[in-house]
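The block underneath contains the structure these notes are about, expressed in C-alpha cells.
Quick note: the coordinates plus some simple rules give every number you see, no bench work behind them. Here the structure is a predicted model, which means the values were calculated and not measured. Neighbour counts are summed over all protein chains in view; Cβ atoms, including those assigned to glycine, are modelled from backbone coordinates with ideal geometry.
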Amino acid sequence: MDTCGGCFAIQNPQIDWMRSKWRLSHKPCVRGNLINTYYDSIHGKFKIESENLLGMGSSGLVVKACELETNLEYAIKLVRNPDIHRIRINREIHLLKDIDHTNVIKLFSVYDSPKEVAFVLELCTGGDLGELLTAQPSRCR
C-alpha cells in the first residue's frame, strides 16, 4: 500500500480495470497552456448535435462535438446567458488556463459570444468519475 499526501492508495483490480478503459481524446504531448479565446460563435467551427449530450448543469450543458477542420472530438461546455454568470465564467476560464495536469480536464479554447460562452474541453470516454468513486473504498482516513 502506497501513501500519497496522507492518503492510502489501495490496489483494487476492479478500479484498475475501470481506469484502464478511460481514454483521452488527445495524446499528452498536446498539453500546454496555449489556450485561445475567440470572441465569436462556436457554431460553424464544430459539429454540435443535441443527441450527443454528455451532461447538464444549472447554467448550461456539455455535448460531444467534432471540429469540422480536423475531425477531432471534443467535449463542449455551452453556457447560455453569459452576462448573468460572467464572474463565475471568468473564474473558471482563468483556473482552467492556469492548470496543466494529467488529472484535470484540459481546456483547449474558449468561444465568447454575446449569447453563449463555449469551453472546448478534452473528451474523456470510457465511463464517468461517479462509477469509479462508488467502486472505490474510502482512500483517506
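Working out 0.36 nm times the residue gap between ASP98 and CYS124, then minus their Cα-Cα distance, what length gain in nm do you get to one decimal? Before the final figure, lay out each step's value.
Working: separation 26, 0.36 × 26 = 9.36 nm, distance 1.99 nm.
Contour length minus Cα-Cα distance gives 7.4 nm.
Enumerate the aspartates and glutamates that LYS64 could reach by cross-link, defined here as Cα to Cα under 16 Å, with residues fewer than 8 away along the same chain left out.
The qualifying aspartates and glutamates are GLU49, GLU51, GLU73, GLU122, ASP128.
Taking the Cα centre of segment 27-125 as origin, work out the dipole magnitude from +1 charges on Lys and Arg Cβ and -1 charges on Asp and Glu Cβ, in debye rounded to 20.
Numbers: 13 positive and 13 negative charges, 41 e Å.
That gives segment 27-125 a dipole magnitude of about 200 debye.
Work out, step by step, the length gained on full extension between LEU72 and SER50: first 0.36 nm times the residue separation, then minus their alpha carbon distance; give nm to one decimal. Mind showing how you got there, number by number?
On the way: separation 22, 0.36 × 22 = 7.92 nm, distance 1.77 nm.
The LEU72-SER50 span can extend by a further 6.1 nm.
Please tell me the relative contact order of segment 27-125 in percent, rounded to the nearest whole number, where contacts are Cα pairs under 8 Å and at least six residues apart. Could you put the intermediate results ahead of the total?
Values: 168 pairs, mean separation 32.0, N = 99.
Once normalised by length, the contact order is 32 percent.
Could you put TYR38, TYR111 in order, starting from the residue whose Cβ has the fewest other Cβ atoms within 10 Å?
Numbers: TYR38 14, TYR111 21.
So the ranking, lowest neighbour count to highest, is TYR38, TYR111.
Work out how far the C-alpha atoms of segment 72-136 reach from end to end along every principal axis, then list the three figures in whole Å, largest first.
Projected onto its principal axes, the Cα set of segment 72-136 covers 41, 23, 21 Å.
Hey, if you drop one equal point scatterer on each alpha-carbon of segment 27-125 and run the Debye formula without solvent, what base-10 log of I(q)/I(0) do you get at q = 0.14, 0.23 Å⁻¹?
So the normalised log intensities are -0.49, -1.42.
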